[in-house]
Structures are given as C-alpha cells and as structure tokens.
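Let me begin by presenting the structure, written as structure tokens, before commenting on it.
The values are calculated or read from the model by the stated rules, or taken from the named source; none is laboratory data. Being a predicted model, the structure only gives us computed values, none of them experimental. Please note: Cβ atoms are built from the backbone with ideal geometry, for glycine as well, and neighbour counts cover all protein chains shown. Note: accessible area is taken over every heavy atom of the protein model, side chains too, but ligands, DNA and RNA are not part of it. Shrake-Rupley method; radii C 1.70, N 1.55, O 1.52, S 1.80 Å.
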Amino acid sequence: MSTDHAPIPRVANRYGAPKPSLKSSAKRRIIWTVLAVAVIGTALFSLMTGIKPVTFKDVGFNIPGPTSARVDFDVTKDPDATTQCAIQVLNESYAIVGWKVVTIGPTNADDGIDNGRTTAHSTELRTESPGVTGGVNSCWMVESP
C-alpha cells in the first residue's frame, strides 16, 4: 500500500489571493457619505411633494334630469392663484357622460374660509345621457402669463 497522496491544492492557489479589504476608517466614510446623501435626498423629496398647491373636496351633486347635473365642491389654494378644475358626471357603468373645466380665479380674504384659501363652488353641467354621480376629477394651477 502506498501512502502517496497528491497534495491538496490550497484555495489561494486555485482562486488567487484574497483581495485586501477596506480599512475600517474607509468603510465608515462610505457609510456616512451614503447616509448623508439619503438624508438630503429624502429631505428634498419631502419638500417638493409636501407642498400641495391646490386641493379639492367633493361636497355633493344633484342630477335634476337626464341631460343635466350640478356638482358642489370646495377648493383650497393660494388666494392669489388661478386654478382650473375638471368636473365630471358618471353613469352607472362609470363612463363619463358630462365633463367641464371650471376656472377659479384669485379670491379675497373675505371669500370662503381661512382668509380666502378655501372657497365653495357649484357648477352646472350638460350630460349626454343620464348620470348617477358627479364630482371633481382633478384641479391644477394655471400658469400666469
């Protein structure tokens, strides 16, 4: 019996020497840099999305006949700004049967509540077939010329 065995190759010989690792101070700097970028990015995102230039709230609707509807809604915006709101009436299949864009101009401090920031509005719409519900689809700020 022979006890000659082939030498077992070492991992370093097979795959190469391991790469040197980063020093702990370099690791700390990388972690702090990544954390700082994440905090700054989160703060900027929060500032940009946290400010709502215009919001709306559906208050009610009335369908007096097969070709008309009235939608009541509140709009909150900067009193000096002009906004537009898309008002819609839907049928029982949720298809749009009436649509109108309403422009809401600047308001005075005496208008509405919160020094003119929130104002109540009502608009009449013509419909092409009987509707079952109505409300605001969206509102947006209008650019000043």
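Structure above, values below:
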| item | result |
| --- | --- |
| Using θ = phi - 60° and Karplus 6.51 cos²θ - 1.76 cosθ + 1.60, couplings along region 93-101 (whole Hz; Gly, Pro as x) | 9, 6, 8, 6, 10, x, 8, 8, 9 |
| Amide hydrogen neighbours beyond the local backbone of PHE61, cut-off 5 Å, H modeled | ASP72 |
| Amide H contacts of THR82 (H built 1.01 Å from N, under 5 Å, at least 5 apart or other chain) | VAL142 |
| Kirkwood Rh and Cα Rg combined as Rg/Rh, region 86-145 | 1.08 |
| Ordering of 73-86, 27-40 by burial proxy (mean other Cβ atoms within 10 Å per residue, highest first) | 73-86, 27-40 |
| Per residue convex hull volume, Cα atoms of region 23-86, in Å³ | 137 Å³ |
| Whole-Hz couplings from phi, Karplus 6.51/-1.76/1.60, listed for region 70-79; x for Gly and Pro | 10, 10, 10, 7, 10, 10, 10, 7, 5, x |
| Average accessible surface area per residue within the chain, 1.4 Å rolling probe, Å² | 75 Å² |
| Viscosity 1.306 mPa s, temperature 10 °C, Stokes-Einstein D of the chain from Kirkwood C-alpha radius, µm²/s | 76 µm²/s |
| Whole-Hz ³J(HN,Hα) from phi, Karplus 6.51 cos²θ - 1.76 cosθ + 1.60, for region 125-142, glycine and proline x | 10, 8, 10, 8, 7, x, x, 10, 7, x, x, 8, 7, 6, 9, 8, 7, 9 |
| Candidate lysines for bridging to LYS100, where Cα separation is under 19 Å - those fewer than 8 sequence places away on the same chain excluded | LYS57 |
| Whole-percent carbon and sulfur share, accessible surface of the chain, 1.4 Å | 58 percent |
